[in-house]
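Read through the structure below, which is laid out as structure tokens, and then see the notes.
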Amino acid sequence: MVIMTTTSSLTFLPVLERIAEEIGRTPGRGRPADYIPALAARDPRSFGMAVAELDGTVYGVGEWRQPFSTQSITKVFTLALELAREGDELWEHVGREPSGNPFNSLVQLEYENGIPRNPFINAGALVVTDRLQTRTGDAADTLLAFLRAESGNPDLDFDRQIAASETAHGDRNAALAHFMKSYGNIENAVPTLLFEYFRQCSIAASCADLALATTFLARHGICADGTRLLTRSQAKQINAIMLTCGTYDAAGDFAYRVGLPGKSGVGGGIIAVVPGRCTLCVWSPGLDERGNSVAGVAALDRFTTLTGLSVF
């Protein structure tokens, strides 16, 4: 259940308001992702930020209710859904180490026998989606149902324009999938997998939706309805991989500046987890050269600096 911003504590609202004011005065917001044409026209000066507390209280600043393309942020949720089903066997098919290479790189796959370094680079996410597809028969719809339930928003949906745009420009992902299938690390037909993967990445959600949907990781694996999706250890594992691998090949810098488990997407969103306390989502479409939101990273940096909250 989502509790609206009326009588709730709004613990961090003054901090968010200060951050939004500071970000608004900051020049140089990066550039939207132009290799996905449907994202290229986004205004890099758009900004929204939300905090969700463990009881479902959610509040924010700026365009925190504006849906945007979630892109790679969804990889956190498919990982959670598949890890809950498969357990440790999953790690035989995808690693847990930072890649040090761009998120769509083919470089490491050949000399590592088709096993991707981690679940958050594209190759690793394809493996996770493939395995979730095998177990559910519809990976993208399984993910969408989970996000609707955890966010409390039944109107979340796929953005078909974004999915079509990614499909039309998805040759690198197709190459990754075919390459891994040649090593026996992809079970489904590649066209089926790509269809599910592009739908997954096309889901549109707001900062409020994503902050709420992520709170199961701050609650150590407990969903919004009180049921347990992950063991406490599994929730810790996902948070750890977010910290070390969640922001492409800038994860070290993100950990240094922000100090929280986080996952970014090239739609300009970033989710972050303060275990046992709250979750955050920030959105601004202007990206740096590594695919992370310039204003988003700066906002999370300021949040942990002003509040003193981090995992360190």
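The values are calculated or read from the model by the stated rules, or taken from the named source; none is laboratory data. The shown structure was predicted, so the numbers you read here are calculated from the model rather than taken from an experiment. A quick note on method: Cβ atoms are made from the backbone with ideal geometry, for glycine too, and the neighbour counts reach across all protein chains shown.
Restricting the range 234-252 to residues that are of a type in the set (V, I, T) and out of contact with any strand residue (DSSP E or B) (no Cβ under 6 Å at 6 or more places or on another chain), the residue that is nearest to D88 (Cα to Cα) is I238.
Could you go through the range 106-117 and let me know if any residue there is over 20 Å from D34 (Cα atoms) and among the β-branched types (V, I, T). There is at least one residue in the range 106-117 that is over 20 Å from D34 (Cα atoms) and among the β-branched types (V, I, T). Being touching a helix residue (DSSP H, G or I) at 6+ places or on another chain (Cβ under 9 Å), of a type in the set (G, A, S) and not in a strand (DSSP E or B): is that true of G60 here? When the stated conditions are applied, G60 does not pass them. Could you check R65 against (1) of a type in the set (D, E, K, R); (2) part of a loop (DSSP other than H, G, I, E, B); (3) more than 19 Å from L156 (Cα to Cα) and say which number it fails? It is condition (3) that R65 fails.
When only residues in the range 294-312 that are among the small types (G, A, S) and over 18 Å from the mean Cα position of the chain (by Cα) count, which is surrounded by the most Cβ atoms within 10 Å (Cβ to Cβ)? The residue in question is S310. With respect to the conditions (1) among the hydrophobic types (A, V, I, L, M, F, W, C); (2) at pLDDT below 95; (3) touching a helix residue (DSSP H, G or I) at 6+ places or on another chain (Cβ under 6 Å), A168 falls short on a single one, namely (3). Of the residues that sit in the range 182-193 and are in contact (Cβ under 8 Å) with a residue 40 or more places away in the chain and of a type outside the set (V, I, T), which one is surrounded by the most Cβ atoms within 10 Å (Cβ to Cβ)? The selected residue is L193. Of everything listed in (1) under 21 Å from E86 (Cβ atoms); (2) more than 15 Å from the chain's Cα centre (by Cα); (3) surrounded by 15 or more Cβ atoms within 10 Å (Cβ to Cβ); (4) of a type outside the set (A, V, I, L, M, F, W, C), the single unmet condition for Q200 is (2). For the range 8-27, the candidate set comprises residues that are outside any helix (DSSP H, G or I) and not β-branched (V, I, T); within that set, the residue that is surrounded by the most Cβ atoms within 10 Å (Cβ to Cβ) is F12.
The residue of the range 7-49 that is farthest from the chain's Cα centre (by Cα), among those that are more than 19 Å from A205 (Cβ to Cβ) and hydroxyl-bearing (S, T, Y), is T7.
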